[in-house]
1. Report the Cα centroid-to-centroid distance between the range C:48-127 and the range A:103-137 in angstrom, as an integer.
2. Just to check I understand the Karplus step: with θ = phi - 60° and J = 6.51 cos²θ - 1.76 cosθ + 1.60, what whole-Hz values come out for the range A:294-309, glycine and proline as x?
3. In sequence order, what are the phi-derived ³J(HN,Hα) couplings for the range B:55-70 according to the Karplus relation 6.51 cos²θ - 1.76 cosθ + 1.60 with θ = phi - 60°, rounded to whole Hz, with x for glycine and proline?
4. Search the structure for amide H atoms under 5 Å from the amide H of B:PHE70, placed 1.01 Å from N in the peptide plane, and list their residues when 5 or more places away or on another chain.
5. Would you mind finding the longest exposed-site-free stretch of chain B, with exposed trypsin sites (Lys or Arg not before Pro) meaning DSSP loop and at most 14 other Cβ atoms within 10 Å?
6. Decide, for the range B:15-185, between rounded, prolate and oblate: order the square roots of the alpha carbon gyration tensor eigenvalues as a ≥ b ≥ c, take rounded if a/c falls under 1.5, and otherwise choose prolate if a/b is larger than b/c, else oblate.
7. For the range B:268-283, take each phi angle, set θ = phi - 60°, evaluate the Karplus expression 6.51 cos²θ - 1.76 cosθ + 1.60, and give the result in whole Hz per residue in order, putting x for glycine and proline.
8. What do you get for the angle between helix B:328-354 and the principal long axis of chain B? Use alpha-carbon atoms, 0 to 90 degrees, nearest ten.
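The values are calculated or read from the model by the stated rules, or taken from the named source; none is laboratory data. Quick caveat, the model's predicted, so the values are computed rather than measured. Cβ placement follows ideal geometry from the backbone for every residue including glycine, while neighbour counts extend to all protein chains displayed. Keep in mind that these areas ignore ligands, DNA and RNA; they rest on the heavy atoms of the full protein, side chains included. Shrake-Rupley method; radii C 1.70, N 1.55, O 1.52, S 1.80 Å.
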Amino acid sequence: THLHTHTHTHTHTLVMGIFGTGDLGRSLGLRLLQSGYRVVYGSRRPHSCGPVSFQVASHAEAAKEASLIFVCVHREHYEFLTTLTPHLKGKVLVDLSNNLKKGIYPEANAAYLQRLVPGADVVKGLNTLSAWALQNGLLAGKQVYLCGNSANAKQAVSEMATKLGLTVLDRGSLSAARELEDFPLRLFPEWRLPLLVAACLMGFFYFYLLIRDVIYAYVETGQDISYRIMISLANKVFPIVSLVMLSLCYLPGCIAAFLQLYRGTKYKRFPNWLDRWMLCRKQMGLVALGLALLHAIYTFIIPIRYAVRHKLISRMKNNKTTPFYFDNKEAWGTDSFYVLGILGFFLYLLLGLTSLPSVGGSLSWREFSFVQSKLGHLTLSICTAHGYIYGWNKFLRPSTYKWYTPPGYMLCLIVPSVVLVLKILLLLPCVDRSLTRIRQGWERNPPLIEVNKASSL
Amino acid sequence: THLHTHTHTHTHTLVMGIFGTGDLGRSLGLRLLQSGYRVVYGSRRPHSCGPVSFQVASHAEAAKEASLIFVCVHREHYEFLTTLTPHLKGKVLVDLSNNLKKGIYPEANAAYLQRLVPGADVVKGLNTLSAWALQNGLLAGKQVYLCGNSANAKQAVSEMATKLGLTVLDRGSLSAARELEDFPLRLFPEWRLPLLVAACLMGFFYFYLLIRDVIYAYVETGQDISYRIMISLANKVFPIVSLVMLSLCYLPGCIAAFLQLYRGTKYKRFPNWLDRWMLCRKQMGLVALGLALLHAIYTFIIPIRYAVRHKLISRMKNNKTTPFYFDNKEAWGTDSFYVLGILGFFLYLLLGLTSLPSVGGSLSWREFSFVQSKLGHLTLSICTAHGYIYGWNKFLRPSTYKWYTPPGYMLCLIVPSVVLVLKILLLLPCVDRSLTRIRQGWERNPPLIEVNKASSL
Amino acid sequence: THLHTHTHTHTHTLVMGIFGTGDLGRSLGLRLLQSGYRVVYGSRRPHSCGPVSFQVASHAEAAKEASLIFVCVHREHYEFLTTLTPHLKGKVLVDLSNNLKKGIYPEANAAYLQRLVPGADVVKGLNTLSAWALQNGLLAGKQVYLCGNSANAKQAVSEMATKLGLTVLDRGSLSAARELEDFPLRLFPEWRLPLLVAACLMGFFYFYLLIRDVIYAYVETGQDISYRIMISLANKVFPIVSLVMLSLCYLPGCIAAFLQLYRGTKYKRFPNWLDRWMLCRKQMGLVALGLALLHAIYTFIIPIRYAVRHKLISRMKNNKTTPFYFDNKEAWGTDSFYVLGILGFFLYLLLGLTSLPSVGGSLSWREFSFVQSKLGHLTLSICTAHGYIYGWNKFLRPSTYKWYTPPGYMLCLIVPSVVLVLKILLLLPCVDRSLTRIRQGWERNPPLIEVNKASSL
């Protein structure tokens, strides 16, 4: 009987009010009902437009009955709430509204609501939930944010959200409301820097190769090979930028390690640019993977291209009389080149797979670090070797240096080579030992106050 | 001390009973134990077959001790519970059973159980959990459904399930039990329509191309090119159906927009067929992606086919004397064709990636709509252009229209072209403005009762 | 007002203490603050190094205020806690520490902590959380383990963890601490057996094919075709091992079925080796998928290889005078071979997709079993047919059996053929009926005590 009494009380005290009978209001009501709450809608036309099978009352009546009220109404229509202030006194008002664009209004919707109804406890939150997610039961484990000035009001909303299967994060006072309202409007902020870097690199290398390949051929021999812009050039730019981006993923880790070695402590913050760089490594790697995939598809498509077939046929006709010997070294060279490319791409794919949230989440810490560090550096080494072998027999030929410029693949090998050399230095036993000690909390010049302090995890 | 008293009480009141010591019973017991409950098994042979390290009692004793009892026994053996009715009075009985097929029994298992033991509170639920998932700790964040006539009983089960990491949805009274029992038996219901549409389209186009290509050649020239059925024909049918399916993903959105514009309100429900269509857009897109992937692989495999190599070699021999000039326009044309195909496929893959639950769940509302709408329409445009370029120099040739029929790729361009034209119309500033207003709640002919009502989210 | 009183009490009783102001301590504190707790740090230098905007006190003061204390300090520094024993009496100490390697210390960190502070209730747990996951809000739905000797202490920690969005599993008394501490150090334990099997198979087949292809050619004709080691040989080994691994996924299921049929009951445990084998089927399938992907890429790359182009060109020159007829049977044969390969690979990919945690988790039980059983056996059949067609016209040629050894693809067809035959036997109506009855709980020789017992799920 203890159990029954307990749950009895619990079930009957909580009536949820919803103002607004739009998509969001209806979906939310249904979901609250399914989680065991009693729901009452507030509407100005209680008899005409309420959702079927729900209790629909006037706004005032709904406010009287419910202790917690969801405001599912557009900000432009908030004024009507001023007429309800006596009924809303002491109630928790949840503002779920979003705006269509950033910065339309001088103050956050929730702050405006609090100003209109000063007697109520306004909580901003749950605004990342869509009617669509509510209808289709996609709430389990989703994170939602709350903010508000009353701790009790936030606690009440948080308990309700937990029952709906959501995970709640408290973002502090109502002054954070604007941030929460901007949240559903953000558009891949963490992808901006990687995409910008990729775009700049691609622009540079595309232009560089255009001059070296197409314009050079036109100026020097008068040949028009402009058709190469579409595939041949792109298929040089993609792998070049992909390799540079991949090495840019691993460069900040090396820089951070050398910085810690130089400073002799891990307790000093990294400079801002390094922090920012390290935070977008995953996105950089995924951009690199995308470009590597494009490179692979472009390569597969080579033999069905008109230009390639034409060359094959005409080559045969021109060489008709000369004998054509099989060059074992050439066969080894090109095959090694392809094998390294394939293996590199395969490892790239594995790295990409572990960056899927559901796969990465199921890895232990050591597994994740094994994949991202060991496997990552192996991928980088193989892809770099793939680049070196590409030019294995062309480094010393003068014809390689058209107009005294090095070919694109040579330029792109600089960054990965530097990263690999730095990494090898870090793996030297003496350096590795110092670094491990520093990362376990040892300090070369500990703070003066207390030398043998308890170092922290 | 407050904390200790509280938890002390909580831990000791809850003893869970389990009837049945099969796979499911054992796994469930272990999991309950891990979540801090005390577990007692009820068995007719308490001394012979109980799980190691658990308390196993007779059914009657277990029923006396536990307030909540899981019935992990097949429906065929429920009769034995009638002998326990005095001990089960007022207890919560959780029916976890499933059937092997739909509609074997006239009444739901849980309803049958309630009829056998009228004094107990039967709750149907958790029946989507498998012994396998319980053993391997795959419960976190999973949604389970409950139904039952007693709110208190449901509340008790719901609290237990929440402690196991599950998210609980209440489906109402015990009359919903049949629906819950059919749940684990459903087999891709949302995939049926898309797969049916794809199968019909593939059947039609396959037959159409068979006549135009293989049978035409046989009838007109007596050539037997039936070997083309395997790859060449399939590699025409796949991209055709893929493109049509992709445009069918975006057509209902356009239709819905025009319907809202015509009605002047967003508050009227869409016709049923449109609702159903919109609900399976994701599956349609994924079927389209699958076909596009097959098209890509079929294309990569082209140059290693016997027929293609043979053609290359014989072409060279036959052309031996005629000179063979390089056609720049041809090179540009085919290369553009391939580039559009590759880029389209790449964007297709990105769209498919965001439809993975774990990736889509981590996107904000604006990011999701950006990917699915902007990126989706861009993909459709590029793939359509890929189709148009395929026939760029064949539109006017009479030999294209064998037996006065248009080639397959022309037919398949109709739907995507219509969708793109409709989309462009919707993007016209004046149309876009009206639509945005309507979607914000504005109505051309608002209900008469109250003109300036608070429009809802 | 009931609501307010309740939450008021709840919010104010819980002060969380954190010893240690390192990465983990800071991230944890921030997350606790966001979930509505009050946090106080304990530090030996409360005035110099505390995290900004947090209350930092001496260890003793922090211990006095908080009822639950997180020890975010390295094990090497635990000694300082002995000085605090009077303040820690009756408090809950959460040990979150991990070691860098297994087996460095004779006793678990948590056991050591309990020995140092016997008056406190030590709970080991949450040690799988990284500072990185805490900072980036990746906790939702994650499973964490707890163990400890006090049920109340575990309950308190469990409630806190649930509020953070974690799912808690109780692993029993503090003697399980070592197991929990080894958890973050595990490195793909379930992948070891599949990778070992794959490595052995690859080694064997590589060596076998090396002798048959490269060494045979060198010994018999003096030709040096060692360049084939890189791609041609690998592209034979990968599909062979992939097919064998795929059939090894489905073999244990067949063996288990025959074992149940032979024993006449499902209640006897399988032998250990079979259990272990069945538990790594998913990983075996994924290794097979990886090898199939490599096979696909190697195949796509064929026509751009130097050796292949050279052969094409030289073949044309040598055949210059002989006429070259199109062989329809050859075209059908090779095309069927490719089509089966493509379809098999496509189904392979689908199988792999459903093994992603987020995709598999959204399938119903019947959907999952449909994909893994029906689709899986279909894939196996298609891939086996792909293998058979490869040798369709070579089985009877004596030149196939170099040095009297069968070619590799014949060897690799043995296991899948056996699996398919066993599966067909199991699908025979009479066998299927018996097996279904057994799996529903029927026993041929039921235990003597009680014949008509209630069979369990």
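1. 41 Å
2. 4, 4, 5, 5, 4, 5, 4, 7, 3, x, 9, 6, 4, 4, 6, 5
3. So the J values, rounded to whole Hz, are 7, 10, 10, 6, 4, 5, 5, 4, 5, 5, 6, 8, 8, 10, 10, 8.
4. Here the answer is B:GLY17, B:ILE18, B:PHE19, B:VAL94, since their amide H atoms fall under 5 Å of that of B:PHE70.
5. Numbers: sites that count: B:LYS89, B:LYS101, B:LYS102, B:ARG186, B:LYS268, B:ARG269, B:LYS320, B:LYS394, B:ARG444.
Segment B:1-88 is the longest.
6. On the way: a/c = 1.37, a/b = 1.09, b/c = 1.26.
Since a/c stays below 1.5, the shape of the range B:15-185 is classed as rounded.
7. So the Karplus estimates, Gly and Pro as x, are 8, 5, 6, x, 4, 4, 6, 4, 4, 4, 5, 6, 10, 5, 4, 5 Hz.
8. Between the helix axis and the principal axis of chain B, the angle is about 10 degrees.
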